[in-house]
1. What shape does region 354-435 take by its C-alpha gyration tensor, where a ≥ b ≥ c are the square roots of the eigenvalues and a/c under 1.5 counts as rounded, a/b above b/c as prolate, and the rest as oblate?
2. Probe radius 1.4 Å, ligands and nucleic acids left out: which of PHE443, PHE280 has the largest accessible area, and how do the rest follow?
3. Sticking with the crude label model, points 7 Å out along Cα→Cβ, report the distance from ASN375 to GLU578 in nm, one decimal please.
4. Calculate, for HIS595 and ASP495, the FRET efficiency according to 1/(1 + (r/R0)^6) with r their C-beta to C-beta distance and R0 41 Å; round to the nearest 0.05.
5. Along the Cα-to-C-beta direction of GLU134, a point sits 7 Å from the Cα; which residues of region 140-162 have their amide N less than 18 Å from that point?
6. Label region 217-262 by shape, choosing from rounded, prolate and oblate, from the square roots a ≥ b ≥ c of the eigenvalues of the Cα gyration tensor; if a/c is under 1.5 it is rounded, and otherwise prolate applies when a/b is larger than b/c, oblate when it is not.
7. Let a ≥ b ≥ c be the square roots of the eigenvalues of the Cα gyration tensor of region 446-568; is it rounded (a/c under 1.5), or, if not, prolate (a/b larger than b/c) or oblate?
8. With all protein chains present, calculate the accessible area of TYR516 using a 1.4 Å probe and round the result to the nearest 10 Å².
Amino acid sequence: MMNKKIVFIVVIGVLVLSLLGIMVISSHQKKEEMKQVSTYFQDKTGIAASGDIVSKQADSDKKILEAMNNTSYTFDNPCVLVNPYEISPLTALIIFKTSTTSETEVFINGVKVTTMESTTNHAIPIYGLLAGVENTVVLKQGNNEKELKIDVKNVSKNNLVTEVANPDATIDKSIYFLAAPMGTSAGAYDGNGRIIWYLTENYTMDMEFLKNGHMLLSNGNVSGIQYTYDGFIEVDLLGKIYKDYSLENGYHHEVIELSNGNIIVAGGSVSTNAPYSASFVYQIDQNTGKIVDSFDVYDIFASIDKEFADSLSGVNMINNSIYYNEESGEMILSLRGINSIISLDYKTKKLNWIFAKKELYSEKFQPFLLNITDNSRIPNGQHTAYLTEEGYLSVFNNDFDMLDTTNAELIHFSQNYSSATLYQIDGKNIKTVWDYAGDGKYFNYALGSFIYNPDQSKLINFGWTYKPTAYTPGTTIYDYLGNTYARVVELDQNDKVLFNATIEEGVYRAYKHSLYEDKTSHYKLIDYKLVDNNPSTILETVRTRNIFSDLNEAISNPFEFELTKNSVSLNVMFDNSETVDIYFVSEEENSYIFHYKKANEAVSSKINLKLDGNYAVYLKINDQFYDTDKVLSFS
């Protein structure tokens, strides 16, 4: 019996020692693996997700909340936070408490801009500070007055060069908002051309002013879908981002807020085999991002003549504006890519009419083509096709034929000129009732806008005008650096010039809008929300140690990436015959593979990742591994 116990104890001992040995070996092996993995992260270029501004703004919210709860901040000793959300340098937030409810009149540099609603907890947003100087803000409560100095001398930003100033465009009234094209930022200017508001981030394209006082701008994240952004943000003038819409179908050129809060978006198809680019229009729920309605221009064309619709396959429609009348159901699209403006019934998705050259379309489309009854110019490469309250069709005509690719030399377009035009449509007939081209020398290959206001004033943006010195042999329409500028002109109802200014930047659109209402609500903290309807990209999981040998043989090649909070764009052109896989190498046990492209197939349009942490990125092209020398950081 004793011998059995001894044997048993010996066996147990051996097992324990074996387990301990295995654990020691395993621990050693794990350390060696971690040491090996660490080499894949050394001396690499780190790329952090651009969504980092969200975490910064969360810290800003905490500071603001602390100030709001601090009883030591009074009317005579307020808290002043300049540029509270870090991306709107010409703004501030003034916070204090009073023992009794009271209204506050707000004056900026001697101009009364608004009256704040009555309260004991005051949070007063300040917009419209002048760059490069010390600004004077005065608060008045009855007979009490508090003067504050807000110094933004360190803020430098280009003003407009005004040829005709508008003394009525002041910070207490409507001013000029300029929406930027890709690569620059949105800004606002007074009637003297002085910049009084702008965002530092690359939030561009359409400015949709919302009923709640916020606006929609692109989120600046280039999408995997051609010619689109990943989505757009809802932001206020202080720069606070409330929502970031990350959308499967992306966004380009135009968004519209409907009366029920839903949003109509110009987007693109996620299908790599879609017949057209930038021709998808869809409506989303503003809170969930869920698509509640959609259509593609191809389907509308194919319902009339599929053979003709297919003949345009591969074209980029560049649907650069959307007009929608909720009462009549009429929607108008500006299809810049084919020099066409179309009207349809949004509810039935049936075509009403087309304004374009008749020879472009097949016989089956001819009943839909508008008949020109005068010597009207047919728009080419146009922007902003809208209906006015009087029923006129307003168009910015770039006068650039998007379908003529025979000659890109600028001198070839020396007789072309852009204009703002009002057309009258009567049944299937159309004629010009008003046209403005300035001195007739403002040719804009791209950009531009025309807004016809209810008071019959007209705001025209020649957003990409070539300088006279640019018309030299060898200069092409794409040689815009140093050769272009933007001109913004406002006319009254009698066509008197109210405002005429230029800037050495491209301008996508120009608007008149106010900074303040007569009565303003106090600022309230609202949490940030990501509205994401992107399905996650399917990744293959692989044990990191199983790919060591492959990674060790990788050739260094610094491919370029763009990274957002949850997506990656790879800026590389691959040969059609190549197979491409992307390896996201983790510091943890498991890494991930995304099968980006198969041989003789198109690349996957978007890479939507729901990852956390740091990943060294490798590419496998056919059978060869490449080290991109990049570490992507997701948070």
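The values are calculated or read from the model by the stated rules, or taken from the named source; none is laboratory data. Keep in mind that what you see is a predicted model, and the values were worked out from it rather than measured. All Cβ positions, glycine included, derive from the backbone under ideal geometry; neighbour counts span all protein chains shown. Keep in mind that these areas ignore ligands, DNA and RNA; they rest on the heavy atoms of the full protein, side chains included. Shrake-Rupley method; radii C 1.70, N 1.55, O 1.52, S 1.80 Å.
1. Verdict is oblate for region 354-435.
2. From most accessible down to least: PHE280, PHE443.
3. Taking the simple label geometry, ASN375 and GLU578 are separated by 5.5 nm.
4. Efficiency for this residue pair is about 0.10.
5. 146-156
6. Oblate, since a/c reaches 1.5 and b/c is not below a/b.
7. oblate
8. Probe radius 1.4 Å; accessible area of TYR516 about 10 Å².
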